[in-house]
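Before any comments, here is the structure.
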Amino acid sequence: MEASLPQYAETGAVANSLPAVAPAPIRTPALRIVPLRSPSAISIRRFARVPTHAFGVFHEQREYPRASLHLPLRLRSVENVAETYPISLVTRDISSTGVFFLCPKRIELNSAIELEIILVSRPLGRGNVVAVTVAKVRRVEPANMPGWFGIAASFDDLKFDRDDEVPTYFPSV
C-alpha cells in the first residue's frame, strides 16, 4: 500500500473561502486631566508628610488640622501658680496651634497654663524632644469621667527642648 501524501490547498483558495472580517478601528487613548484631589477632598485638610493612617485625623474644617495623638503631657502651672506635683496627663489631639486633653481639675476659661508635651521619647532619656509652652484655655467641657474636664488650649509661646548631650562614656574632643 502506498502512503498518501497530504494535500495542500493554494493560498488564494483559502483566503477566498474565509468570511471577510472588517479590520478593527485604530483607537487612540483619550487623555484625561484630573486634579490630584477631588473638590470634596479639598475641603478636608490632611497632613502632608505625617502618616495619618497610623493615628487618624479629625475630619473637620479647620485652618490647622488636628492629629489624634496620645502624647504624654505635664501640667506645670495654672495662672503662674506652680503645681506642687506636676500632673501627668495625655493629649487627646494636638495641632500646630493648640491641644486638647483631659484634666482631673477644672481650669477657668482664659487661664494661662504652662504645659510640657513630650513629642519624642527615647530609652534612657537620650534624644527626647519636649515642647514647653504657655497656653491659654479656650474651652472647658465636662468629660465622661466624673470629676474630669476636657480642656482645649491654644499655644501662646512654644519652645522645643532637646537633650542631645553626648553621653559620658564617649571621649570629648
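The values are calculated or read from the model by the stated rules, or taken from the named source; none is laboratory data. Since this is a predicted model, take the numbers as computed values, not measurements. FYI the Cβ positions are ideal-geometry reconstructions off the backbone, even for glycines, and counts take in every protein chain you see. Side chains are part of the model used for accessible areas, which takes the heavy atoms of the whole protein and leaves out ligands, DNA and RNA. Shrake-Rupley method; radii C 1.70, N 1.55, O 1.52, S 1.80 Å.
Remarks
- Here each label is just a point 7 Å from Cα along the line to Cβ, and for Val140 and Ser121 those points are 2.7 nm apart.
- Accessible-area value, Lys159, 1.4 Å probe, nucleic acids and ligands omitted, Å²: 120 Å²
- Accessible-area order (highest first, 1.4 angstrom probe) of the listed residues Asp157, Asp93: Asp157, Asp93
- Whole-Hz ³J(HN,Hα) from phi, Karplus 6.51 cos²θ - 1.76 cosθ + 1.60, for the range 144-157, glycine and proline x: 5, 8, x, x, 10, 9, x, 10, 9, 10, 9, 6, 9, 9
- Charge tally in the Cβ shell below 11 Å around Ala152, where Lys, Arg are +1 and Asp, Glu are -1, Ala152 excluded: +3
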